[in-house]
Amino acid sequence: MSNKDFAFFPGCVLSQAAKESKMSLEAIAPILGITLHEIKGWSCCGASQAQDVDPLAALVANARNIALSEQMNMPLLTTCSTCMLTLTRAKTTLDKGAKTRINTYLKEGNMQYQGSNEITSLLWVLYENLDTLKAKVTKPLSNLKVALFYGCHSLRPEKELGKESSVNPKSFEAVANALGAKVVPFEKRLDCCGFHATYPAQESVQKMSSQIISDADENGADVVVTPCPLCQMQLDIYQERYQDAQNSSIRKPIIHLSQLVGLALGLDNKALGLDLNIIDAT
């Protein structure tokens, strides 16, 4: 991972609602030898919603996002699992034959999608560089019991993401072990948090989210960690409301993967934005 440059796609949520995720990523990157170059002029990926309304516009927008990263001649890195899936899906569609048509739209902006770029996530970059990560740990998290919550778009659809098994993944556990954390058994680790179904199915989502918190608590976790900022928001921002609706008094800090890494690298709460989490994580 030594001095690795990435075209950084923050996505909408890191720009505002989950800015602590961006803060902690930017804090850990230089320690890990990662240089982030934010893609100038990036636009919303569509968050897997716009694709249902106007699939052509969404595909053009993401072809443009990837083309911008190609101009930088660096792999595209995002920490939002939904952005990663959406961009990956767009790349697959483009590479399977849509490139020529979509480039007629990009040509109007003097751009071209080539298909030359890799799209990756923080989790995968860390997993592929475990020795480097372990060597940078200054404060092993041996006293911290963590429940690891992957989130749907970190793993599924497996065929489209193509990184690891969606039913028996190992990347997150390997990263947490490298940080010295104690990974607790966690039945809900591969479940859906309900983020994309909050409005149409609020009652079901309340139960889903509450069960995730309760399962982590039952297995003795001090904290739930996720690589996906949308999962973090769902389980953190709405936790009080959902737990009250389920008559549960359990409250559990929900932190970003980048925050967990930062703790093991010896960074303080403020630098990692832990004071910005809703359920007290400090």
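The values are calculated or read from the model by the stated rules, or taken from the named source; none is laboratory data. Remember, predicted model here, so these are calculated numbers, not experimental data. Reconstructed Cβ throughout: ideal geometry from the backbone, glycine too, with neighbour counts over all protein chains shown. These accessible areas exclude ligands, DNA and RNA; they are computed on the full protein's heavy atoms, side chains included. Shrake-Rupley method; radii C 1.70, N 1.55, O 1.52, S 1.80 Å.
Of the conditions (1) of a type in the set (D, E); (2) part of a helix (DSSP H, G or I); (3) closer than 19 Å to H256 by Cα; (4) open to solvent by 40 Å² or more (accessible area, probe 1.4 Å), E203 clears all except one; give me its number.
Here E203 meets the rest and fails (3).
Does any residue of segment 244-265 turn out to be of a type in the set (A, V, I, L, M, F, W, C), in contact with an Asp or Glu (Cβ under 9 Å, 6 or more places away or on another chain) and either surrounded by 24 or more Cβ atoms within 10 Å (Cβ to Cβ) or within 17 Å of C152 (Cβ to Cβ) (or both)?
Checked against the condition, which is being of a type in the set (A, V, I, L, M, F, W, C), in contact with an Asp or Glu (Cβ under 9 Å, 6 or more places away or on another chain) and either surrounded by 24 or more Cβ atoms within 10 Å (Cβ to Cβ) or within 17 Å of C152 (Cβ to Cβ) (or both), segment 244-265 yields at least one hit.
Does D95 meet the test of being at pLDDT below 95, part of a helix (DSSP H, G or I) and of a type in the set (D, E, K, R)?
no
Restrict the check to segment 211-218 and report whether at least one residue is open to solvent by less than 10 Å² (accessible area, probe 1.4 Å) and in contact with a Ser or Thr (Cβ under 8 Å, 6 or more places away or on another chain).
Yes; the residues of segment 211-218 include at least one that is open to solvent by less than 10 Å² (accessible area, probe 1.4 Å) and in contact with a Ser or Thr (Cβ under 8 Å, 6 or more places away or on another chain).
Which pairs do you get when a residue that is free of Cβ contacts under 8 Å to residues at least 40 places away in the same chain and closer than 19 Å to K136 by Cβ, found in segment 164-188, comes within reach of a residue that is buried (at least 16 other Cβ atoms within 10 Å of the Cβ) and among the aliphatic types (A, V, I, L, M), reach meaning Cβ atoms under 8 angstrom, with the pair 6+ apart or on two chains?
E173/L148; E173/V183; N177/V183
Considering only residues that are in a helix (DSSP H, G or I) and free of Cβ contacts under 8 Å to residues at least 40 places away in the same chain, which ones fall in segment 259-282?
Answer for segment 259-282, where residues must be in a helix (DSSP H, G or I) and free of Cβ contacts under 8 Å to residues at least 40 places away in the same chain: just D275.
Can you run down the residue pairs with Cβ atoms below 8 Å, 6 or more apart or on separate chains, where the first is in segment 112-130 and within 15 Å of D5 (Cβ to Cβ) and the partner is open to solvent by 80 Å² or more (accessible area, probe 1.4 Å)?
V125/K4
Of the residues in segment 126-155, how many are under 22 Å from S81 (Cβ atoms) and assigned to a helix (DSSP H, G or I)?
8
Can you confirm whether M72 is touching a strand residue (DSSP E or B) at 6+ places or on another chain (Cβ under 9 Å) and over 16 Å from L161 (Cβ atoms)?
It is true that M72 is touching a strand residue (DSSP E or B) at 6+ places or on another chain (Cβ under 9 Å) and over 16 Å from L161 (Cβ atoms).
Sort out which residues of segment 170-185 are surrounded by fewer than 21 Cβ atoms within 10 Å (Cβ to Cβ), out of contact with any Pro (no Cβ under 9 Å at 6 or more places or on another chain) and not in a strand (DSSP E or B), and write them in order of number.
K170, E173, A174, N177, V184, P185
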